[in-house]
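Working notes, structure below.
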Amino acid sequence: MDNYSRYILGWKVTLGKLDSATAQQNLKEVYEKYFKGNEHLKPTRWIIDGGPENVNLEIKAQLENYNKDVIALIAQKNIKESNSMVESLNKRLKYQHLFLNDIPDFQNTVKQLEIFVEKNNNVIPQRVQGGYTPHELLTENTNFVIRSKAQVKEAYNARIETNKQHRCQICPA
């Protein structure tokens, strides 16, 4: 995830435990798509937790291939900041999307993740970002829509009303 725009740059799903190979593939795809050859984004700080899928010899070798274009920083170890933006995104994914849907199998899980990423990146405006979507901020395409504070507040109130109308059976009214 890009910390400035909050755009989800890449993601992977596994049936088993998250492993180094999955993390490596995701890092490679994100690097190739967004950072390779872009001098304005060098070096890129990759903020990670200290999990074994992120901190291992394979990832270290992969980062060395990027000639210090990507620098891995372990949250609250190499830097004082945390990876709270990613953790917040994970919480939104679970509580505002996955837990609200019937997901009977792996294929449906992938489909639900695709829906969430699309909505996060391109549909849902972020209040903390002045009402712009992550895609608008990532691409600096903010000239087409100028949102006033009143418009952001109106959208916020409309979302609350929509949520009240679509409660699940077990939620109190």
* Calculate the dipole size of the chain relative to its Cα centre from +1 charges on Lys and Arg beta carbons and -1 charges on Asp and Glu beta carbons; express the result in debye to the nearest 20. => 580 debye
* To do: Write out the trypsin sites (Lys or Arg not before Pro) in region 1-54 meeting two conditions: DSSP loop, and at most 10 other Cβ atoms within 10 Å of their Cβ.
  => Lys17
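How high is the relative contact order of the chain, in percent, counting Cα pairs under 8 Å that sit 6 or more residues apart? Can you show the working numbers first?
Working: 134 pairs, mean separation 35.1, N = 173.
So the answer I get is 20 percent.
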* How about region 19-128: which GluC sites (Glu not before Pro) there lie in a loop by DSSP and see at most 15 other Cβ atoms within 10 Å? -> Glu81
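When a footprinting reagent is the concern and you count Cβ atoms within 10 Å, what order do His40, His97 take, fewest first?
Values: His40 5, His97 16.
If I rank by nearby Cβ atoms, fewest first, I get His40, His97.
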* **Net +/- balance of residues flanking Leu41 in space, Cβ distance below 11 Å, scoring K and R +1, D and E -1** => 0
* In terms of Cα to Cα distance under 19 Å, which lysines are near enough to Lys111, apart from those fewer than 8 places away along the same chain? -> Lys12, Lys91, Lys94, Lys119
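Just so you know, all these numbers are worked out from the coordinates, no wet-lab data involved. Treat the numbers as computed from the prediction; the structure is a model and nothing was measured. Here Cβ is always computed from backbone atoms with ideal geometry, including for glycine, and neighbour counts include all displayed protein chains.
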